[in-house]
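Worksheet: the structure to be examined is printed underneath.
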Amino acid sequence: MQLKTGQSERQLMLMQSFFENYSSEEVLEVLYQLYRSWAYQVSIKTNREERLQVLNCYSDLKDLFEELARLQKEPEKTG
C-alpha cells in the first residue's frame, strides 16, 4: 500500500493517539473478547472458509497490535 504525501504522518498520528487512549494489553483483551464472542455465536452457522478467514484475521490483527506495542516501547533512535 503506497501512501500519498501527508498520509503516513496522519497514519502515525492516528496510531499514537490510539495507543495513548488504549493500552496494548487492553486492545488485545478486547480483540480476544470480540473473536471469542463471534466464535461462540456464529461459528456453527458459518462455513469452514469463513471461520478460517476470521481466525486468520484475528491472528494477523493480534500480531499487528503486539508488534505496534513492541515498537512503541522501543527507545527512539537518534541519528
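Tabulated values for the structure
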{"quantity": "Cβ pairs under 6 Å, 6+ apart, first in region 25-40 and over 17 Å from residue 72 (Cβ atoms), second open to solvent by less than 90 Å² (accessible area, probe 1.4 Å)", "calculated": "35/58"}
{"quantity": "Within region 39-71, considering residues that are open to solvent by 100 Å² or more (accessible area, probe 1.4 Å) and of a type in the set (S, T, N, Q), the one farthest from residue 20 (Cα to Cα)", "calculated": "41"}
{"quantity": "Close pairs (9 angstrom Cβ cut-off, 6 or more residues apart or separate chains): closer than 19 Å to residue 15 by Cα and touching a residue at least 12 places away in the same chain (Cβ under 8 Å) in region 52-73, outside any helix (DSSP H, G or I) and open to solvent by less than 70 Å² (accessible area, probe 1.4 Å) anywhere", "calculated": "69/23"}
{"quantity": "Number of the exception - residue 33 against (1) surrounded by 10 or more Cβ atoms within 10 Å (Cβ to Cβ); (2) polar (S, T, N, Q); (3) at pLDDT below 90", "calculated": "(3)"}
{"quantity": "Count of region 1-30 residues which are open to solvent by 70 Å² or more (accessible area, probe 1.4 Å), at pLDDT below 85 and assigned to a loop (DSSP other than H, G, I, E, B)", "calculated": "4"}
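The values are calculated or read from the model by the stated rules, or taken from the named source; none is laboratory data. Here the structure is a predicted model, which means the values were calculated and not measured. Neighbour counts run over all protein chains shown; Cβ positions are idealised from the backbone, glycine included. Side chains included, ligands, DNA and RNA excluded: accessible areas come from the protein's heavy atoms. Shrake-Rupley method; radii C 1.70, N 1.55, O 1.52, S 1.80 Å.
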